[in-house]
Amino acid sequence: MAKHILITGVAGFIGSTLAMKLLQRGDTVYGIDNMNDYYDVTLKQARLDRFVDHKKFTFQKLDIVDREAMTQLFKKNRFDATMHLAAQAGVRYSIENPSAYIDANLVGFGNILEGCRHSGVGHLVFASSSSVYGANTKLPFSEHDNVDHPVSLYAASKKANELMAHSYAHLYGLPCTGLRFFTVYGPWGRPDMALFKFTKGILEGASIPVFNRGQMVRDFTYIDDIVEGVVRTIDQPAAPDPEWSGDAPDSATSYAPYRIYNIGNNQPVELMKYIQVLEDCLGAKAKMDLLPMQDGDVPATYANTDDLEQAVGFKPATQVETGIARFVEWYKTFYQGE
């Protein structure tokens with residue numbers, strides 16, 4: 001049955017790709033975005049321009065931090081589900097501009113929770129992040145592990161979202177599912193992400209910044225895999241876990257309608273291998289500026305995705321060779337008209 005779904009951050013990388021997928025299957029999508037200039041606004045607009053002919057798509061320029069505007073949005077509309085993706089993203093930027101994260105990721109998320117609560121939204125799915133694992137070193141990262149040691153304000157804000165959502169699931173019975181995304185990449189991606197920066201730098205013959213001197217491992221996850229997992233999660237509202245116990249509390253489930261899932265490729269790739277695949281796709285060698293680890297970053301991410309697979313029957317599987325080739329093809333078409 002077709003749904004009426006709110007997507008926050010709809011002009012973003014994941015949000016716009018998700019909107020396309022939902023529209024293709026017949027859902028009605030109401031998208032909001034504040035169109036801020038954290039990165040190139042023309043790219044955000046180009047993503048939105050793909051929906052001009054879709055009669056079931058509505059866009060409103062709206063900032064989730066604006067409490068009154070958000071209240072009116074939920075008063076005037078009834079959504080079967082909300083996919084909350086709007087946030088101030090980026091680990092490194094959180095060190096430069098912490099207030100942006102307090103506003104968007106805490107105040108803004110509070111407005112989302114209130115809107116969903118008062119308007120009877122059937123399921124709130126929200127973006128968390130692999131960054132919440134912080135100082136954890138046991139790999140692969142499991143949703144059932146303690147994540148109380150974030151190493152950036154961005155990570156702390158995402159952990160806070162998980163806790164805030166649980167309180168609303170407990171108090172108001174609002175089904176909430178948090179998805180911890182692991183390094184998403186692919187066509188229409190974000191310019192502040194490594195693949196975008198590397199591609200631009202290599203094509204321009206400029207040096208690319210390689211942190212921790214390349215000794216990094218990431219669970220790079222292709223955008224189509226992410227979106228497939230998100231859609232399946234939206235369709236399955238969180239439910240109470242009858243086996244949850246306060247004597248041995250599990251942070252991934254609850255007596256309330258609340259779940260947390262990793263959504264990653266479950267196939268970590270060394271950063272230098274990632275760069276090598278990109279070089280092969282571009283037919284050019286990278287000039288690398290080998291730099292120390294940046295504050296707030298972690299050397300490795302690796303997702304245990306067993307819970308997601310068991311819950312929704314899906315496991316990401318796109319290899320980086322395939323995903324990077326598709327990104328390069330998009331990049332050359334979009335920026336070079338090839």
Checking 89, 46 in turn, the sole residue that is aliphatic (A, V, I, L, M), open to solvent by less than 60 Å² (accessible area, probe 1.4 Å), touching a residue at least 60 places away in the same chain (Cβ under 8 Å) and assigned to a loop (DSSP other than H, G, I, E, B) turns out to be 89
Going through (1) touching a helix residue (DSSP H, G or I) at 6+ places or on another chain (Cβ under 7 Å); (2) open to solvent by 50 Å² or more (accessible area, probe 1.4 Å) one by one, residue 2 fails only at (1)
Reported set for region 155-184 where residues are within 20 Å of residue 303 (Cα to Cα), open to solvent by 10 Å² or more (accessible area, probe 1.4 Å) and not in a helix (DSSP H, G or I) is 181, 183, 184
Residue 238 vs (1) small (Gly, Ala, Ser); (2) in contact with a Cys (Cβ under 7 Å, 6 or more places away or on another chain); (3) under 19 Å from residue 211 (Cβ atoms): all pass except (3)
In region 101-131, anything aliphatic (A, V, I, L, M), surrounded by 21 or more Cβ atoms within 10 Å (Cβ to Cβ) and out of contact with any His (no Cβ under 8 Å at 6 or more places or on another chain) is listed as 104, 113, 121
(1) touching a helix residue (DSSP H, G or I) at 6+ places or on another chain (Cβ under 8 Å); (2) at positive phi all hold for residue 120 apart from (1)
Selection from region 117-141 of residues in contact with a strand residue (DSSP E or B) (Cβ under 7 Å, 6 or more places away or on another chain) and either assigned to a strand (DSSP E or B) or of a type in the set (D, E, K, R) (or both) yields 124, 125, 126, 127, 128, 129, 141
Picking from 36, 105, the residue that is under 30 Å from residue 211 (Cα atoms) and assigned to a loop (DSSP other than H, G, I, E, B) would be 36
**Request:** Would you be able to say whether some residue in region 193-210 is open to solvent by 10 Å² or more (accessible area, probe 1.4 Å), modelled with pLDDT of 95 or more, on the phi < 0 side of the Ramachandran plot and in a loop (DSSP other than H, G, I, E, B)?
**Result:** no
- Kindly establish whether residue 39 is surrounded by fewer than 22 Cβ atoms within 10 Å (Cβ to Cβ), of a type in the set (Ser, Thr, Tyr) and closer than 26 Å to residue 151 by Cα. yes
Inside region 223-256, the number of residues satisfying the requirement of being over 18 Å from the mean Cα position of the chain (by Cα), open to solvent by less than 60 Å² (accessible area, probe 1.4 Å) and either among the acidic types (Asp, Glu) or farther than 16 Å from residue 312 by Cα (or both) is 7
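The values are calculated or read from the model by the stated rules, or taken from the named source; none is laboratory data. Quick caveat: nothing in here was measured; it's all calculated off a predicted structure. Cβ coordinates were reconstructed from backbone atoms using ideal geometry, including for glycine residues, and neighbour counts include every protein chain displayed. Remember, those area values only see protein heavy atoms, side chains included, never the ligands or the DNA or RNA. Shrake-Rupley method; radii C 1.70, N 1.55, O 1.52, S 1.80 Å.
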